[in-house]
Structure formats: C-alpha cells, structure tokens
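Colleague: Take this structure, written in structure tokens, and hold onto it; I'll ask about it next.
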Amino acid sequence: VYFFKVSILLSLTDQYSQQGWVYFKHSFYYVSPVKKNWRDSRQECLQRGADLVIINSRDEQVSVRAIWIGLTDSETEDIWKWVDGTLLSTSYWFGSEPNNFGSRDEDCVELGVYGTEMNWNDAPCRFKNFWICEKMLVL
Ligand code: MAN
Ligand code: CA
C-alpha cells in the first residue's frame with residue numbers, strides 16, 4: 001500500500017511539475033508568469049483546479065512572502081554580484097539592509113519581505129524561498 005501511495009505521488013508530482021507547479025509541504029504551488037487583477041487571478045486558479053493561496057501556516061507565510069533573486073555576496077563579503085558576474089549598481093535595499101543580521105552570514109538576496117518598492121533583504125542562502133528564473137532573449 002505504501003509503495004502504491006509513493007508511486008501515485010511521484011507520477012502526480014511529475015505531471016504537475018511539467019505544468020510549472022512546485023511541490024512544497026503537501027501542496028502544489030503555481031507562480032503565475034503574468035500579472036492579473038485579483039478577480040482574474042482567482043479565476044485562472046479555479047480553471048487550473050486550484051484557488052489563490054491560503055496562508056494557514058507560518059511556513060507558508062515565510063515562503064510565499066519572499067522570492068530569491070540572482071544577487072549574492074557569497075564570493076566576497078560586501079561585494080554584491082549578479083549571477084552573470086556583473087557588479088551591483090542600482091539597488092533596492094530596504095532601510096538598513098543589507099545588514100548580515102546577527103552576523104548569521106546573510107549572503108543571498110530575497111525580495112518581497114517588505115511591502116515597499118525598496119524591498120531587498122539579505123538572508124541566509126540556506127533558507128527556503130520560491131524564486132524567479134529569467135532567460136534573456138538573444139537575437
Ligand atoms: C530578520 C531577517 C533579517 C533582516 C531583519 C530585519 O531577522 O529577515 O535578514 O535583516 O529581520 O529586522
Ligand atoms: Ca538582512
């Protein structure tokens with residue numbers, strides 16, 4: 001019975017992940033690639049057999065509020081570099097960030113924790129967040 005459950009879960013996960021869903025703690029999440037108003041966003045979720053995310057655990061709150069971006073100072077402390085190697089020029093740090101809070105080695109950058117335009121925060125790279133990938137169109 002256990003084996004059966006595991007293989008059902010595996011094929012479900014496979015199926016969903018091909019359609020852009022990520023599995024995290026007993027739920028599948030889909031991050032939309034397009035912007036929509038609340039009503040239309042909800043409609044799209046419903047069409048996909050889901051609904052807008054309900055935040056019912058602290059874990060969910062913490063992972064949904066922040067997203068990793070491709071910026072880190074893990075090579076050299078305080079030298080912030082984008083993943084393509086370019087040095088940071090224009091930045092959107094919140095308040096007194098980056099602060100390497102409690103000297104706990106905050107070498108990676110998440111955005112969205114703060115609800116302002118200046119919303120970057122340095123956070124420990126081992127923390128788990130959703131993320132956004134970008135692929136530039138080369139012509
Ligand atoms: C938390 C973390 C830190 C952040 C502080 C700001 O401890 O998110 O990265 O700098 O809050 O108070
Ligand atoms: Ca910080």
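Okay, residues lined up against (1) closer than 28 Å to GLY20 by Cα; (2) small (Gly, Ala, Ser); (3) loosely packed, with under 12 Cβ neighbours inside 10 Å:
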| position | (1), (2), (3) |
| --- | --- |
| ILE79 | no, no, yes |
| SER91 | no, yes, no |
| GLU97 | no, no, no |
| ASP107 | yes, no, no |
| ASN121 | yes, no, no |
| MET136 | yes, no, yes |
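Colleague: Hey, does the stretch 29-51 have a residue that's under 16 Å from ASN129 (Cβ atoms) and not in a strand (DSSP E or B)?
Modeller: Looking through the stretch 29-51, at least one residue is under 16 Å from ASN129 (Cβ atoms) and not in a strand (DSSP E or B).
Colleague: With the structure loaded, tell me whether ARG48 is of a type in the set (Lys, Arg), away from ligand 1 (no atom under 16 Å from the Cβ) and either out of contact with any Cys (no Cβ under 7 Å at 6 or more places or on another chain) or touching a residue at least 12 places away in the same chain (Cβ under 8 Å) (or both) or whether it fails that test.
Modeller: Answer is yes for this residue.
Colleague: Look through SER7, SER32, SER17 and report the one residue that is surrounded by fewer than 14 Cβ atoms within 10 Å (Cβ to Cβ), small (Gly, Ala, Ser) and closer than 23 Å to LEU111 by Cβ.
Modeller: Only one candidate qualifies: SER32.
Colleague: Output the residues belonging to the stretch 123-134 that are exposed (fewer than 10 other Cβ atoms within 10 Å of the Cβ) and either touching a strand residue (DSSP E or B) at 6+ places or on another chain (Cβ under 7 Å) or in contact (Cβ under 8 Å) with a residue 40 or more places away in the chain (or both).
Modeller: GLU134
Colleague: Quick one: ASP59 ticks every box in (1) within 13 Å of ligand 2 (Cβ to nearest atom); (2) at pLDDT below 90 except a single one, so which number is it?
Modeller: (1)
Colleague: Quick check on this structure: which one of ASN56, ASN37, ASN100 is within 12 Å of ligand 1 (Cβ to nearest atom) and polar (S, T, N, Q)?
Modeller: Checking each option against the conditions leaves just ASN100.
Colleague: Only one of GLU97, GLU106, GLU134 is more than 9 Å from ligand 2 (Cβ to nearest atom) and not basic (Lys, Arg); which?
Modeller: Result: GLU134 is the single residue among GLU97, GLU106, GLU134 that is more than 9 Å from ligand 2 (Cβ to nearest atom) and not basic (Lys, Arg).
Colleague: Of the residues in the stretch 73-97, how many are within 14 Å of ligand 1 (Cβ to nearest atom) and either without any contact (Cβ under 8 Å) to a residue 24 or more places away in the chain or under 30 Å from SER27 (Cα atoms) (or both)?
Modeller: Qualifying residue count, the stretch 73-97: 2.
Colleague: Identify, by number, the condition in (1) among the aromatic types (Phe, Trp, Tyr); (2) exposed (fewer than 15 other Cβ atoms within 10 Å of the Cβ); (3) free of Cβ contacts under 8 Å to residues at least 12 places away in the same chain that PHE101 doesn't meet.
Modeller: Exception for PHE101: condition (3).
The values are calculated or read from the model by the stated rules, or taken from the named source; none is laboratory data. Quick caveat: nothing in here was measured; it's all calculated off a predicted structure. Here the Cβ is made from the backbone with ideal geometry for all residues, glycine too, and neighbour counts use every protein chain on show.
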